[in-house]
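I have placed the structure first, in the form of structure tokens, so that the comments after it can refer back to it.
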Amino acid sequence: MTYGPPLPGGLTHDPDKRRHFSTDSYFIETYEQLADLTGNGVEFATGHALLLLKPDAVASRSIGAVLGWVRTTGLRVVAARRLRMTRGAVRAMWHYQLNRATPARSRLADAICQSSDSLVLLLTEDGAVPPSVALSHRKGPADPARRHPDQLRAQLGDFGFLLNLVHASDEPADVVRELGILLDADERRDLVTQALPGIDRHDRAAELADQLYASAPAHDLRFAPAAARLAAELTSLLATHELPATVRAELRAHLDAAAWAPLVDLIWRAGLPLAGWDLTVVGCGALALSRPQYAQLLRGADLSRWREPARATAP
């Protein structure tokens, strides 16, 4: 007896991903729906890329730059939808990477992704590899030090590892699974129905960007200005709030030393009434985010393997 249906061929070259996704309820549910809606779930997944513009892209007013970059690469927006991520969606989206994340990174990811609505796009292009694989490569890694100048994240600016503004599904299997995480069945049907005619929806994406900007204020995501504003908030808190003596003394000491990591930790431990982008930005820049002694469960897509046609449909 097996634990789930075999993964259809043509969606990944990674044997570990085939094993994990064959029992992943998000993948199973969404693939079956795609097959029903389109008549060929593999064809749809291999013909589209998923790009998620997160709340940090909204706050930094970067959506227009993203849409402009998309056009220069030959990709075409064929579906767009506004959505609100939940804590559960954050954990599910990065489930296979968060095993090596610190608790602080998970908490900060929650804060980022729930700060406002996000924008999800489906893109397509004609090319030698699936659009998802091409986009994942062109998007660039989360680590700013490893980005190339022509990659999307490099062009959007360096706000650090976690404030990377956009997420792209690595390859077709991930397109399927992440559609299942981000959207319910009715929402997926609407997005897929938008995409099927292949009509350019750039203007629709730009319209949704304007709506997002109207509903969420802009914010400077650079570390130094955020740290200065956070310090001012903490100074005001010391002047206006009754705090336990130990918390007050620790807060003053960390503020005087500009010790940002202990400050963020203290804010969380003491339950101080502070939240918002400045705390998130400082946390992202000051706290340890990864535990490199642990291996990542799944790696990104290997572009070179997708360039080998004989292996493209290997089961």
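Do you know which residues across the stretch 1-43 are over 29 Å from Ala295 (Cα atoms) and in a loop (DSSP other than H, G, I, E, B)?
Answer for the stretch 1-43, where residues must be over 29 Å from Ala295 (Cα atoms) and in a loop (DSSP other than H, G, I, E, B): Met1, Gly39, Asn40.
If you go through the stretch 214-234 one residue at a time, do you hit one that is more than 30 Å from Leu53 (Cα to Cα) and either touching a Ser or Thr at 6+ places or on another chain (Cβ under 6 Å) or surrounded by 12 or more Cβ atoms within 10 Å (Cβ to Cβ) (or both)?
yes
Criterion first (in contact (Cβ under 8 Å) with a residue 60 or more places away in the chain, assigned to a helix (DSSP H, G or I) and farther than 26 Å from Leu7 by Cβ) does Ala104 satisfy it?
yes
Name the residue, out of Ala226, Ala275, Ala301, Ala206, that is over 30 Å from Gly9 (Cβ atoms), in contact (Cβ under 8 Å) with a residue 12 or more places away in the chain and assigned to a loop (DSSP other than H, G, I, E, B).
Ala275
Where residues in the stretch 128-140 are outside any helix (DSSP H, G or I) and in contact (Cβ under 8 Å) with a residue 60 or more places away in the chain, which of them is nearest to Gly198 (Cα to Cα)?
Only one residue fits best here, namely Pro130.
Is one or more of the residues making up the stretch 73-83 out of contact with any Lys or Arg (no Cβ under 9 Å at 6 or more places or on another chain), among the hydrophobic types (A, V, I, L, M, F, W, C) and crowded, with 17+ Cβ neighbours inside 10 Å?
Within the stretch 73-83 (the criterion being out of contact with any Lys or Arg (no Cβ under 9 Å at 6 or more places or on another chain), among the hydrophobic types (A, V, I, L, M, F, W, C) and crowded, with 17+ Cβ neighbours inside 10 Å), the answer is no, since none of the residues qualifies.
How many of the residues making up the stretch 141-199 are under 17 Å from Ala65 (Cα atoms) and outside any loop (DSSP other than H, G, I, E, B)?
Residues meeting the conditions: 8.
State all residues of the stretch 44-71 that are part of a helix (DSSP H, G or I) and of a type outside the set (Gly, Ala, Ser); if no residue qualifies, say none.
Once the filter is applied, which keeps residues that are part of a helix (DSSP H, G or I) and of a type outside the set (Gly, Ala, Ser), the stretch 44-71 yields Phe44, Thr46, Pro55, Asp56, Val58, Ile63, Val66, Leu67, Trp69, Val70, Arg71.
Mind listing just one residue for me: the one in the stretch 140-173 that is touching a helix residue (DSSP H, G or I) at 6+ places or on another chain (Cβ under 7 Å) and of a type in the set (D, E, K, R) and, of those, surrounded by the most Cβ atoms within 10 Å (Cβ to Cβ)?
Applying the filter and picking the extreme gives Glu171.
Since Val176 meets every condition but one in (1) surrounded by 18 or more Cβ atoms within 10 Å (Cβ to Cβ); (2) in contact (Cβ under 8 Å) with a residue 40 or more places away in the chain; (3) farther than 26 Å from Phe44 by Cα; (4) out of contact with any strand residue (DSSP E or B) (no Cβ under 7 Å at 6 or more places or on another chain), which condition does it not meet?
Result: Val176 passes all but (3).
Just need a number here: residues in the stretch 27-55 that are surrounded by fewer than 19 Cβ atoms within 10 Å (Cβ to Cβ) and in contact with a Lys or Arg (Cβ under 7 Å, 6 or more places away or on another chain).
2
Does the stretch 24-38 contain any residue that is free of Cβ contacts under 8 Å to residues at least 24 places away in the same chain and hydrophobic (A, V, I, L, M, F, W, C)?
Yes; the residues of the stretch 24-38 include at least one that is free of Cβ contacts under 8 Å to residues at least 24 places away in the same chain and hydrophobic (A, V, I, L, M, F, W, C).
Check off (1) modelled with pLDDT of 95 or more; (2) surrounded by fewer than 16 Cβ atoms within 10 Å (Cβ to Cβ) for Cys284 and give me the number that stays unchecked.
Against the list (1) modelled with pLDDT of 95 or more; (2) surrounded by fewer than 16 Cβ atoms within 10 Å (Cβ to Cβ), Cys284 comes up short only on (2).
The values are calculated or read from the model by the stated rules, or taken from the named source; none is laboratory data. Keep in mind that what you see is a predicted model, and the values were worked out from it rather than measured. Because the Cβ atoms are built from the backbone with ideal geometry, glycine has one as well, and the counts that use them run over all protein chains shown.
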